[in-house]
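Values quoted throughout were computed directly from the atomic coordinates according to the rules given, and no laboratory measurement underlies them. Not measured: the values here are computed from a predicted model. Cβ sites come from the backbone with ideal geometry, for glycine too, and all protein chains shown count toward neighbours.
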């Protein structure tokens with residue numbers, strides 16, 4: 001049992017991990033063909049992962065509804081939303097609907113998914129503005145620096161802000177766009193580059209740990 | 001007494017702030033102010049120049065990966081860049097790795113090609129949605145048709161006139177990635193760097209500062225950020241669109257945020273030292 005559940009999966013991960021890594025650096029037809037095959041396999045496995053995710057989603061919401069858990073009514077909309085998109089897509093067979101000049105799926109996308117998704121995101125703007133007023137407190141030097149950077153960026157990102165800058169601080173000779181370019185090009189890039197290098201090193205180390213069987217959490221608890 | 005009155009400002013019902021923002025956003029849409037877009041940022045200019053210098057007939061691959069949530073910022077960018085490509089008589093290929101993008105891509109290509117008398121299959125081609133972007137990107141390096149053997153309408157991609165001479169990245173003049181996700185990072189890391197394909201990006205304003213390192217090293221040839229970037233690009237191609245018309249609302253909403261932060265902190269200072 002240990003052989004099937006542990007040693008064989010670890011051997012598969014090691015074998016394909018090392019080969020895939022090596023293929024990246026070997027510009028030979030054999031390695032190119034191998035990568036091509038692996039990519040196709042990856043796509044096939046991804047498609048099954050989608051299906052698995054869908055089953056898992058339905059299963060968890062079914063339980064929520066059957067137990068009448070808090071907010072179970074929202075779970076109903078998971079099913080309604082899913083079938084509202086999928087059923088018309090299957091039934092219409094890609095045919096255009098009369099006056100609308102769209103397929104049934106196209107209609108569902110344009111008049112259901114599109115406005116609903118856009119509304120969800122747009123609502124965020126209202127909460128951000130409300131939070132800006134109620135929570136952005138300049139209580140320390142760090143908060144002040146953060147505020148100044150945000151202030152200049154917001155001001156410089158809109159033409160009206162540029163007009164205000166020019167009329168108030170135009171005498172300095174420095175445009176707000178130059179100030180922004182410095183903020184974005186020096187302190188922001190320095191911070192971002194540090195984060196990127198950190199993430200990259202972390203990803204390399206974790207990958208090696210998985211390939212060599214040190215990190216095994218993906219195999220589950222058994 | 002004054003202190004208590006000022007403290008009431010912090011307990012204001014947030015629905016008043018919501019209403020104020022709604023007015024600030026809607027008023028310029030109903031009656032545009034027409035504020036001038038004074039500057040063109042360096043990265044937008046670079047993106048424009050790069051496309052503008054491509055010889056007619058070059059194949060440009062557009063990766064349009066955004067859904068309706070980021071549509072207001074990214075759709076005008078995509079429309080402006082597709083218009084520019086058609087104006088320059090470039091061949092256009094479109095791919096996507098976000099399922100929600102397919103409808104938005106359909107909206108662009110339902111109207112824009114007709115303005116320039118471009119034909120599906122001869123001047124542009126739309127490929128179907130694919131999951132697992134990184135695997136697809138890697139696959140296209142050796143054989144484009146290993147992944148995209150058919151276009152969105154089920155036609156054999158190899159036989160389409162627009163795809164003549166295209167086998168892999170060596171035949172692609174440039175990649176344009178417009179995305180609200182991390183897809184642009186993938187194009188840079190897995191394609192741009194490894195296969196020396198120039199990459200130009202279009203992203204939301206909030207994620208724009210994160211691409212500074214790629215721009216400094218030349219891994220990204222240009223970058224359009226948010227609705228302002230779209231408005232700048234529209235002014236460069238002299239085709240005002242949704243980016244330009246949305247700038248008024250953007251102006252006032254940004255300044256409202258600044259005014260609210262300043263007001264609350266001035267009140268806080270007065271309360272503290274009163």
Determine, from the Cβ-Cβ distance of residue A:107 and residue B:120 and an R0 of 22 Å, the FRET efficiency 1/(1 + (r/R0)^6), rounded to the nearest 0.05. 0.55
Placing each pseudo-label 7 Å from Cα in the direction of the beta carbon, residue B:263 and residue B:45 end up separated by a distance in nanometres of 3.7 nm
Principal axis dimensions, the protein assembly as shown - Cα atoms, whole angstrom, descending: 78, 60, 53
Can you work out the FRET efficiency for the pair residue A:97 and residue A:37, with r the C-beta to C-beta distance and R0 = 51 Å, to the nearest 0.05? 0.75
Between residue A:66 and residue A:219, what is the spin-label point distance in nm, taking each point 7 Å from the Cα along the Cα→C-beta axis? 3.3 nm
State, to one decimal in nm², a quarter of the convex hull surface area for the C-alpha atoms of the stretch B:58-164, i.e. the direction-averaged projected area. 6.4 nm²
Virtual spin-label span in nm between residue B:27 and residue A:206, 7 Å along Cα→Cβ: 4.7 nm
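Hey, with R₀ at 60 Å, roughly what FRET efficiency would residue A:87 and residue B:8 work out to, going by the Cβ-Cβ distance, to 0.05?
Plugging the Cβ-Cβ distance into 1/(1 + (r/R0)^6) gives 0.70.
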Just the number, please: Stokes-Einstein D of chain B in µm²/s, Kirkwood Rh from C-alpha pairs, 10 °C, 1.306 mPa s. 78 µm²/s
Please report Rg (one decimal) and Dmax (integer) in Å for the Cα set of the stretch A:1-115. 22.2, 63
Using a Gaussian network model on chain B with a 10 Å cutoff between Cα atoms, which of B:36, B:76, B:68 fluctuates the most? B:36
Between the stretch B:57-107 and the stretch B:28-54, how many Å separate their Cα centres? 17 Å
Value of relative contact order over the stretch A:80-135, rounded to a whole percent, pairs C-alpha under 8 Å and six or more apart: 23 percent
Which residue fluctuates the most in chain A, going by a Gaussian network model with Cα springs under 10 Å, if the choices are A:179, A:129, A:13? A:129
Cα-Cα pairs of chain A separated by more than 31 Å (percent): 61 percent
Roughly speaking, what is the stretch gain from residue B:52 to residue B:273, that is 0.36 nm per residue apart minus the C-alpha to C-alpha distance, in nm to one decimal? 73.8 nm
Give the average over all directions of the projected area of the C-alpha convex hull of the stretch A:137-213, one decimal, in nm². 7.7 nm²
Residues of the stretch A:10-44 with amide N under 15 Å of a point placed 7 Å along Cα→Cβ from residue B:168: A:23-40
Degrees separating the helix B:101-115 axis from the principal Cα axis of chain B, which is the longest one: 70 degrees
Report, to one decimal in Å, the Kirkwood hydrodynamic radius for the stretch A:80-135 based on all distinct Cα pairs. 13.2 Å
Mind telling me which of A:198, A:81, A:173 comes out most flexible in a GNM of chain A, alpha-carbon contacts under 10 Å? A:173
Once both axes come from the Cα atoms, what is the angle between helix A:114-135 and the longest principal axis of chain A, in degrees from 0 to 90, rounded to 10? 50 degrees
For the stretch A:112-149 and the stretch B:215-274, what is the separation of their C-alpha centers, rounded to whole Å? 13 Å
The convex hull of the Cα atoms of the stretch A:1-69, divided by residue count, gives a volume in Å³ per residue of 122 Å³
